[in-house]
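Undergrad: The structure is given below, and queries will be raised subsequently.
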Amino acid sequence: MRYLKLLGIFYKYSLQSELEYRVKFFTNIFMSIFWLLSALVSVAVFFSHTDKIGDWTWAEVLIVVAMFTFFNGVMEAFLRPNVGAVLDQIRDGTFDFVLIKPVNVQFIASLRNIVFWQLIDLAIGLGLVIYALAQLHILPSPA
Amino acid sequence: MFRKYSALMRRGIASMFEYRASMLIWMLINVMPLVMLAVWFSMAEGGPIEGYSQSDFVSYYLMIAFVQQMTSVWVIYELAHDIRHGELSIKLLHPLNSLHEYLTTNLADKVLRPVVLIPLGLVAWLIFPSIHYAATPSTLLLFILALAAAWFIRFMSQYIFGLLAFWISDSTTINDIWFALAEMLGGIIAPLALFPPNVSAIANWLPFRFMLSFPVEILSGRLAPNDLAAGFTAMLFWAGVTVLVYRWIWRKGIRQYGAFGA
């Protein structure tokens, strides 16, 4: 419970510090969409000459692109900001301040930061997976 | 001027040798053309795609990789760093426009790169003996001209984006967009001829083609003489545009820089 509360505070501060650089926040979101579009364009060019690459159809390849976008978002949002910060802190010696905190050190070192705008990759990725699954007529059914 | 350049080049080559290990890694790290080659290679298994057979794709993408290596630029990172940390002030005191210093640093790298790339190319040729180019003396000459111009357009456009650091803090984002477009429309994801006709009609005139694809097209021998002439005209045009834009931005930027100091 205490840890959940801490997590809430961490994320609040991450969001606040991101919103300080508002232009960067929006250009980053734009870049996310741009990268996805450029991936889709390349796949579209391939499929303008063929129906299948290997045994993969257009919708199946879309799922691969979508999953890549999704997990890339997970990495960039949750993992990279923390791993990168640890590297910097160890080099600067400020990691000491993390070590003396009265909470689990691994918790604070691996969850202190989150990059909010990267969550858009999760949303886009998920949306694209659902779209591609619908194209393949694979829909969740009550078991 | 020639003496200044040769001195700067020697300096550049010396500093390249200091970082030879990382230089090698930078060279090998860009595998994008090879990934795309793998895709097209497997797609052409059942027969040529719009006149491109498997060995055409191998020839095309190996030359794309070569041109990409020989035109690689990273000046924006140097420039952004120098502007932000005030090190540009020192360069401004030198008796030669800073452009030439950055230019020769990059040229030194281009002198050294073939030492690694040509043996790699020979290995590729042993593996795929069907690699073929239209290598007559005249196409080779045109290829070298186009290669030099492609490098120049790349360098100048990135230098221009780098100079934007006088005004904005993340000029590298704009540069990222530009070079992503260059990958898309410059012939990496597909030879431009394989795009839908209306797209390739536009892409043929955009600067991105002249940053990568055009030299390769020359060597492929697929360009008719009037395509060549049109291509070189457009290439010259874009090179000229970068010079004009650079001059304008440099003049404005240096005033801005002086106003706030570093």
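Undergrad: Consider B:Leu223 carefully, then state whether it is outside any helix (DSSP H, G or I), within 30 Å of B:Ser42 (Cα to Cα), of a type outside the set (Val, Ile, Thr) and in contact with a helix residue (DSSP H, G or I) (Cβ under 6 Å, 6 or more places away or on another chain).
TA: It is true that B:Leu223 is outside any helix (DSSP H, G or I), within 30 Å of B:Ser42 (Cα to Cα), of a type outside the set (Val, Ile, Thr) and in contact with a helix residue (DSSP H, G or I) (Cβ under 6 Å, 6 or more places away or on another chain).
Undergrad: Could I ask something else about it? Select from region B:37-95 the residues that are of a type in the set (Gly, Ala, Ser) and under 30 Å from A:Ala44 (Cα atoms) and list them in ascending order. Please lay out each step first, then the result.
TA: Of region B:37-95, the ones of a type in the set (Gly, Ala, Ser) are B:38, B:42, B:44, B:46-47, B:51, B:53, B:55, B:59, B:65, B:72, B:80, B:86, B:89.
Those that are of a type in the set (Gly, Ala, Ser) and under 30 Å from A:Ala44 (Cα atoms): B:Ala38, B:Ser42, B:Ala44, B:Gly46, B:Gly47, B:Gly51, B:Ser53, B:Ser55, B:Ser59, B:Ala65, B:Ser72.
Undergrad: In region B:151-189, what count of residues is obtained for those that are assigned to a loop (DSSP other than H, G, I, E, B) and in contact with a Gly (Cβ under 8 Å, 6 or more places away or on another chain)?
TA: 1
Undergrad: Can you pull out every residue in region B:175-212 that is farther than 24 Å from A:Ile33 by Cα, away from chain A (no Cβ under 14 Å) and in contact (Cβ under 8 Å) with a residue 12 or more places away in the chain?
TA: Residues satisfying the conditions are B:Asn204, B:Trp205, B:Phe210, B:Met211, B:Leu212.
Undergrad: Still on this model: For region A:123-143, which residues satisfy the criterion of being buried (at least 17 other Cβ atoms within 10 Å of the Cβ) and without any contact (Cβ under 8 Å) to a residue 60 or more places away in the chain?
TA: Listed by number, the list holds a single entry, A:Gly125.
Undergrad: Residue by residue through region A:70-112, note down the ones that are over 27 Å from A:Leu128 (Cβ atoms) and among the aromatic types (Phe, Trp, Tyr).
TA: Across region A:70-112, the qualifying residues are A:Phe95, A:Phe97, A:Phe107.
Undergrad: Quick check on region B:1-57: of everything there that is among the polar types (S, T, N, Q) and over 17 Å from A:Asp51 (Cα atoms), which residue is surrounded by the most Cβ atoms within 10 Å (Cβ to Cβ)?
TA: For region B:1-57, the residue satisfying everything is B:Gln54.
Undergrad: Working only within region B:131-174, note down all residues that are within 14 Å of chain A (Cβ to nearest Cβ), in contact (Cβ under 8 Å) with a residue 12 or more places away in the chain, of a type in the set (A, V, I, L, M) and farther than 20 Å from B:Met211 by Cα.
TA: The one that is within 14 Å of chain A (Cβ to nearest Cβ), in contact (Cβ under 8 Å) with a residue 12 or more places away in the chain, of a type in the set (A, V, I, L, M) and farther than 20 Å from B:Met211 by Cα: B:Leu164.
Undergrad: Pick from region A:98-111 the residues that are more than 27 Å from the chain's Cα centre (by Cα) and more than 15 Å from A:Asn82 (Cα to Cα): which of them is surrounded by the most Cβ atoms within 10 Å (Cβ to Cβ)?
TA: A:Lys101
Undergrad: Here's a follow-up. Counting only residues that are among the aromatic types (Phe, Trp, Tyr) and in a helix (DSSP H, G or I), how many does region B:190-218 have? Reasoning before the result, please.
TA: Initially, region B:190-218 is screened for residues among the aromatic types (Phe, Trp, Tyr), giving B:195, B:205, B:208, B:210, B:214.
From the residues that got through so far, the ones that are in a helix (DSSP H, G or I) too are B:208, B:210, B:214.
Qualifying residue count, region B:190-218: 3.
Undergrad: Could I ask something else about it? Scanning region A:27-47 for residues that are closer than 11 Å to A:Val65 by Cβ and of a type outside the set (A, V, I, L, M), which turns out farthest from the other protein chains (Cβ to nearest Cβ)?
TA: Here the residue is A:Trp35.
Undergrad: Could you tell me whether B:Glu78 is within 14 Å of chain A (Cβ to nearest Cβ) and either of a type in the set (D, E, K, R) or within 19 Å of the chain's Cα centre (by Cα) (or both)?
TA: Working: within 14 Å of chain A (Cβ to nearest Cβ): no; either of a type in the set (D, E, K, R) or within 19 Å of the chain's Cα centre (by Cα) (or both): yes.
The answer is no for B:Glu78.
Undergrad: Taking the condition assigned to a helix (DSSP H, G or I), of a type in the set (Ser, Thr, Tyr) and away from chain A (no Cβ under 14 Å), does B:Ser6 pass? I'd like the intermediate steps shown before the answer.
TA: On the way: assigned to a helix (DSSP H, G or I): yes; of a type in the set (Ser, Thr, Tyr): yes; away from chain A (no Cβ under 14 Å): yes.
Here the answer is yes, as B:Ser6 does meet what is asked.
Undergrad: Taking region B:185-219 as the search range and keeping residues that are surrounded by fewer than 20 Cβ atoms within 10 Å (Cβ to Cβ) and among the β-branched types (Val, Ile, Thr), which one is farthest from A:Leu40 (Cα to Cα)?
TA: In this case the residue turns out to be B:Ile202.
Undergrad: Here's something else I'd like to know. I'm checking my understanding of the structure. Among residues of region B:91-150 that are in a helix (DSSP H, G or I) and touching a Ser or Thr at 6+ places or on another chain (Cβ under 6 Å), which one is modelled with the lowest pLDDT?
TA: B:Lys91
Undergrad: Follow-up. If A:Asp51 satisfies all but one of (1) part of a helix (DSSP H, G or I); (2) without any contact (Cβ under 8 Å) to a residue 24 or more places away in the chain, what's the number of the condition it fails?
TA: Of the numbered conditions (1) part of a helix (DSSP H, G or I); (2) without any contact (Cβ under 8 Å) to a residue 24 or more places away in the chain, the odd one out for A:Asp51 is (1).
Undergrad: Report every pair of residues separated by at least 6 positions or lying on different chains whose Cβ atoms are under 8 Å apart, first residue within region A:29-41 and under 11 Å from A:Gln118 (Cα atoms), second aromatic (Phe, Trp, Tyr) and modelled with pLDDT of 85 or more.
TA: Pairs that qualify, where the first residue is under 11 Å from A:Gln118 (Cα atoms) and the partner is aromatic (Phe, Trp, Tyr) and modelled with pLDDT of 85 or more, are A:Ile29/A:Trp117; A:Ser32/A:Trp117.
Undergrad: One residue is enough: does region A:52-64 have a residue meeting the conditions within 13 Å of chain B (Cβ to nearest Cβ), at pLDDT 90 or above and surrounded by 17 or more Cβ atoms within 10 Å (Cβ to Cβ)?
TA: yes
Undergrad: In region A:1-14, which residues are surrounded by 12 or more Cβ atoms within 10 Å (Cβ to Cβ) and of a type outside the set (Ser, Thr, Tyr)?
TA: Taking region A:1-14 first, the residues surrounded by 12 or more Cβ atoms within 10 Å (Cβ to Cβ) are A:3, A:6-7, A:10-11, A:13-14.
Scanning region A:1-14 gives A:Leu6, A:Leu7, A:Phe10.
The values are calculated or read from the model by the stated rules, or taken from the named source; none is laboratory data. Source: prediction; values computed, not measured. Cβ coordinates were reconstructed from backbone atoms using ideal geometry, including for glycine residues, and neighbour counts include every protein chain displayed.
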